[in-house]
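Following: one structure in structure tokens, then a few remarks.
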Amino acid sequence: TSVREAVRLIERTARAARIYSLSMSVPRERSDGRPSSLSTTVDQLAFGRPSKQRLFFVPAGNIDEQPYEIDDHITLNDASPMRSPAQALNAVTVGACTHLVENDEPVGHIADEGDLCPTSRTGLAWVRPPLSNKPDIVMEGGNRVADVDGISTLHAPHLSVVTTARDFAAHRFTCTGETSAATAAASGLAAAILAAYPDATPQTVRALMIHSARWTPAMLARLPRRPSRGDYAELLQRFGFGKPHRERALLSLDNALTMIVQD
């Protein structure tokens, strides 16, 4: 109800095209991939007549209820189901990857460059067969480093995403990360596409983003030597269709052989 009222309030005060970014999860709701109260609300708000459709971005959710240990990377990600409203079919669900690594020896970062962010949840623990392939895409969410005990991990400001500080008068910048930062980055890319193509519908913006996404070498390295259809299905439930390419998403509507039908 709060999300629905917030959307109505925003749309009463302004008429410009907009992107909705909902960087929040609800641990109390179901996390098996089936519809929840919040995901249903997001689906209803996103779907509608052409003039009433909205583009929502929601996070896959973070692993934050237990200490994150080095040996748990990927195993814990795959065992931690995405939280509501990540299962919303009509929203773009965003997981987190990372390209932020340490080049010094010994290597202290947990995830390799281009791999999944250490605390990003996946859809592999959802009920089988899943109702949809989620997440849709991944964006930068930062990395973690090993603690001195060699077992646990720590938040790493130098491997995090830089953003403006809340108390800007006192501190200019601060660090953010995980799937909230990834969701914000995806929303920013969608806004850039909409600014470049003001007449594009929400489905077109979504399509340009997701079709521009590619799996990184680190993501593809998790496939076996002779991957099966099921192996690629697991890749989708972990990384979505990969990380969007900004230039490809912004330019393909003008300079690539692409047919887009909006009716």
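For the chain, what does -39500 (n - 2.57) per DSSP helix run (n ≥ 4), summed and divided by total residues, give at 222 nm, in deg cm²/dmol to the nearest 500?
Numbers: 8 runs with 81 residues, N = 263.
After summing the helix terms and dividing by the residues of the chain, the value is -9000 deg cm²/dmol.
On a full-extension model of 0.36 nm per residue, what is the gain between His211 and Glu113, subtracting their alpha-carbon distance, rounded to one decimal in nm? Don't skip to the end; give the middle numbers.
Details: separation 98, 0.36 × 98 = 35.28 nm, distance 2.20 nm.
Extra length available between His211 and Glu113 comes to 33.1 nm.
So what are the ³J(HN,Hα) numbers for the range 73-82, from phi and the Karplus equation (6.51, -1.76, 1.60; θ = phi - 60°), rounded to whole Hz, Gly and Pro as x?
4, 6, 4, 6, 4, 5, 8, 9, x, 4
Modelling each spin label as a point 7 Å along the Cα-to-Cβ direction, I'd like the Thr174/Tyr197 distance in nm, to one decimal.
3.6 nm
Match the structure shown to one of the listed values [x] 21.5, 72; [y] 18.6, 58; [z] 23.8, 71 of Rg and Dmax of the Cα atoms in Å, computed from it, and give that label.
Among [x] 21.5, 72; [y] 18.6, 58; [z] 23.8, 71, the one derived from this structure is [y].
Given Cα pairs under 8 Å that are at least 6 residues apart, what percent is the relative contact order of the range 1-65?
Numbers: 40 pairs, mean separation 27.8, N = 65.
Over the range 1-65, the number comes to 43 percent.
When the chain is fully extended, how far beyond the present Cα-Cα distance does Leu89 get from Ala233, taking 0.36 nm per residue of separation? Write out the running numbers ahead of the final one.
Working: separation 144, 0.36 × 144 = 51.84 nm, distance 1.70 nm.
Going from the current span to full extension adds 50.1 nm.
Report the residues of the range 194-234 in range of a label on Gln262: point 7 Å along Cα→C-beta, backbone N strictly under 20 Å from it.
Residues 194-212 fall inside that zone.
Quick one: accessible area per residue over the range 152-243, 1.4 Å probe, rounded to a whole number of Å²? List each step's numbers first, then the result.
Working: 5070 Å² over 92 residues.
Roughly 55 Å² per residue, with all protein chains present.
Could you work out how far apart the two model spin labels at Asp149 and Arg30 are, taking each label as a point 7 Å from the Cα in the direction of the beta carbon, and quote it in nm?
3.8 nm
Got a sec? Charge dipole of the chain, +1 on Cβ for Lys and Arg, -1 for Asp and Glu; which of Pro135, Phe56, Thr216 is way out at the positive end?
Going by the Cα projections, it comes out as Phe56.
Of all accessible surface on the chain at a 1.4 Å probe, what whole percent is carbon and sulfur? The partial results should precede the final answer.
On the way: 7520 of 14120 Å².
For the chain, the apolar C and S fraction of the accessible surface comes to 53 percent.
Would you work out the relative contact order for the chain, in percent, from Cα pairs under 8 angstrom that are 6 or more residues apart?
Relative CO of the chain lands at 20 percent.
Of His99, His158, which has the most accessible area and how do the rest follow, probe 1.4 Å? Intermediate values should be presented prior to the final figure.
Working: His99 65, His158 115 Å².
Accessible-area ranking of His99, His158, largest first: His158, His99.
Measure nothing fancy, just the Cα-based angle from helix 202-211's long axis to the longest principal axis of the chain, in degrees from 0 to 90, nearest 10.
30 degrees
How much length is gained on full extension from Thr40 to Leu131, taking 0.36 nm per residue of separation minus their Cα-Cα distance? Before the final figure, lay out each step's value.
Values: separation 91, 0.36 × 91 = 32.76 nm, distance 1.36 nm.
Full-extension gain reported as 31.4 nm.
Let me know the charge dipole size of the chain about its Cα centre in debye, to the nearest 20, where only the beta-carbon of Lys, Arg (+1) and Asp, Glu (-1) is charged. Write out the running numbers ahead of the final one.
Numbers: 28 positive and 29 negative charges, 293 e Å.
Once rounded to the nearest 20, the dipole reads 1400 debye.
Can you compute the label reach from Asp254? Point 7 Å from Cα along the Cβ direction, backbone N cut-off under 20 Å, restricted to the range 192-228.
From the range 192-228, the list is 192-202, 204-213.
Could you pull out the chymotrypsin sites (Phe, Trp or Tyr not before Pro) across the range 1-93 that fall in loop regions by DSSP (anything but H, G, I, E, B) with no more than 16 other Cβ atoms inside 10 Å? Working shown, then result.
Values: sites: Tyr20, Phe47, Phe56, Phe57, Tyr68; in loops: Phe47, Tyr68.
Here the chymotrypsin sites (Phe, Trp or Tyr not before Pro) that fit, given the DSSP loop and packing criteria, are Phe47.
Probe radius 1.4 Å, ligands and nucleic acids left out: which of Met219, Met24 has the largest accessible area, and how do the rest follow?
Details: Met219 0, Met24 80 Å².
So the residues, ranked largest to smallest area, are Met24, Met219.
The values are calculated or read from the model by the stated rules, or taken from the named source; none is laboratory data. Owing to the predicted nature of the structure, the values given are computational and were not obtained by experimental measurement. All Cβ positions, even for glycine, are placed from backbone atoms using ideal geometry, and neighbour counts span all protein chains on display. Heads up: the accessible areas ignore ligands, DNA and RNA and are worked out on the full protein's heavy atoms, side chains in. Shrake-Rupley method; radii C 1.70, N 1.55, O 1.52, S 1.80 Å.
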